[in-house]
């Protein structure tokens, strides 16, 4: 009887002809996150199995890997009626329970006993040995048996995985990462759908502090726990931002600033051969996130913009932020360039003609090129810290 981890794929099983590509990428991502572990991994189209010297530690790491429906700590035995029963009774000697249920799944039809009949047979043996009762609706202990061609697997402990698709199966997008609550959640949700990330942060020293930058680096590291491949692009935005404030009416500065940010993001996407821009905009939450504002701001790019939290309210976003451990970092009181010099009455229904008029009052293209040419890239790949490229 050998103890090991069984991984169930969940949503990946809906991918018919492409399933192998999803599973192979999932295996690659698992190997990346288990780089410091002593383990062996094998997989097929239905299950993945991991053996190792520290299974509890491996399980904790696997909970961060997208593409996994559930993680099972199980025992593998030979597909033999007597051996299965003997092994289950031995395992249950170390369990405290009053009620139980047996659930058998027989994928190997060469095993002569049907799933239901074997559950009844095993349940009868458990009743003989232990002073317990059967409860098919709400058992304290669920004994699960999977009879497969590669062996029989016995388990009672099953943990939820992160679900979704393996990170990278959809390519890589550019996350506009501020120090706020929303954008890290947007990044997490994009990762869950298989989009790997590069991150983009705009800093405006001395108006924004080193603490604000460190906060964003911390948020990027937390997101990197789900990827292992993230780079953080830090844009020196001071000169361009100050020029906007000098040349644009106060009510339009946020709109123009966001348009400049999108122009810079588009250049980075094309330069790095990325797929999309991702941000944490939520409809109507602030002036630049009304539908009219989004249309005007979006007009500077023809790239697709993904807004994973667009239709979530603030409390829903906060719930996810707490779940992924970004909330406490996001609420640290260090301002980013979107909150400094915030106008008292920002326009909520900007006009495109006015934006073009205001932008033509200064040479923004030269300033944008200067921003792009002086980006600082911080690589967090494989959890390396402060590795400047």
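Below, the figures for the structure above:
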| quantity | calculated |
| --- | --- |
| Calculated diffusion of the stretch 169-250, Stokes-Einstein form, Kirkwood radius summed over Cα pairs, 37 °C and 0.692 mPa s, µm²/s | 242 |
| Kirkwood Rh in Å, taken over the stretch 14-164 so that all alpha-carbon pairs contribute | 16.9 |
| Calculated P(r) of the stretch 119-263 - Cα pairs past 22 Å, % | 61 |
| Principal-axis tilt of helix 238-247 within the chain, Cα atoms, nearest 10 degrees | 50 |
| Nearest-ten-degree value, helix 364-373 long axis tilted from longest Cα axis of the chain | 40 |
| Pairwise Cα inverse-distance average, inverted: Kirkwood Rh of the stretch 172-388 (Å) | 17.3 |
| Three-way shape label, the stretch 203-260, alpha-carbon gyration tensor, a/c 1.5 | prolate |
| Helix-only mean residue ellipticity at 222 nm for the chain, each DSSP H run of n ≥ 4 adding -39500 (n - 2.57), per residue, nearest 500 | -11500 deg cm²/dmol |
| Extension reserve of the residue 35-residue 127 stretch, reckoned as 0.36 nm per residue once the Cα distance is removed | 28.7 nm |
| Rg and Dmax [Cα atoms of the chain; Å; Rg one decimal, Dmax integer] | 26.5, 88 |
| GNM flexibility winner over the chain from 280, 161, 52 (Cα, springs under 10 Å) | 52 |
| Separation in nanometres of the label points that stand 7 Å from Cα toward Cβ, at residue 349 and residue 319 | 3.3 |
| The chain: most fluctuating residue of 283, 58, 356 per GNM, C-alpha cutoff 10 Å | 356 |
| At 1.567 mPa s and 4 °C, Stokes diffusion of the stretch 106-154 via Kirkwood alpha-carbon radius, µm² per second | 108 |
| For the chain, built as a Gaussian network whose Cα springs stay under 10 Å, the top-fluctuating residue of 62, 191, 141 | 141 |
| Full-extension gain in nm, residue 42 to residue 193, via 0.36 nm per residue minus C-alpha separation | 52.0 nm |
| 0 to 90° range, to nearest 10: angle between helix 314-323 axis and the chain longest Cα axis | 50 |
| Cα gyration tensor category, rounded, prolate or oblate, for the stretch 10-76 with a/c compared to 1.5 | prolate |
| Gyration tensor (alpha-carbon) shape descriptor, the stretch 77-167, a/c threshold 1.5 | oblate |
| Sequence ranges 240-246, 166-172, 321-327, ranked by mean other-Cβ count within 10 angstrom, highest first | 166-172, 240-246, 321-327 |
| Theoretical gain in end-to-end length, residue 207 to residue 107 [0.36 nm per residue, Cα-Cα removed] | 29.7 nm |
| Listed peptides 270-279, 81-90 by packing density, highest first (mean Cβ within 10 Å) | 270-279, 81-90 |
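Just so you know, all these numbers are worked out from the coordinates, no wet-lab data involved. Because the structure is a prediction, the values reported are computed rather than measured. Every residue, glycine as well, gets a Cβ built from its backbone with ideal geometry; the counts of neighbours run over all protein chains shown.
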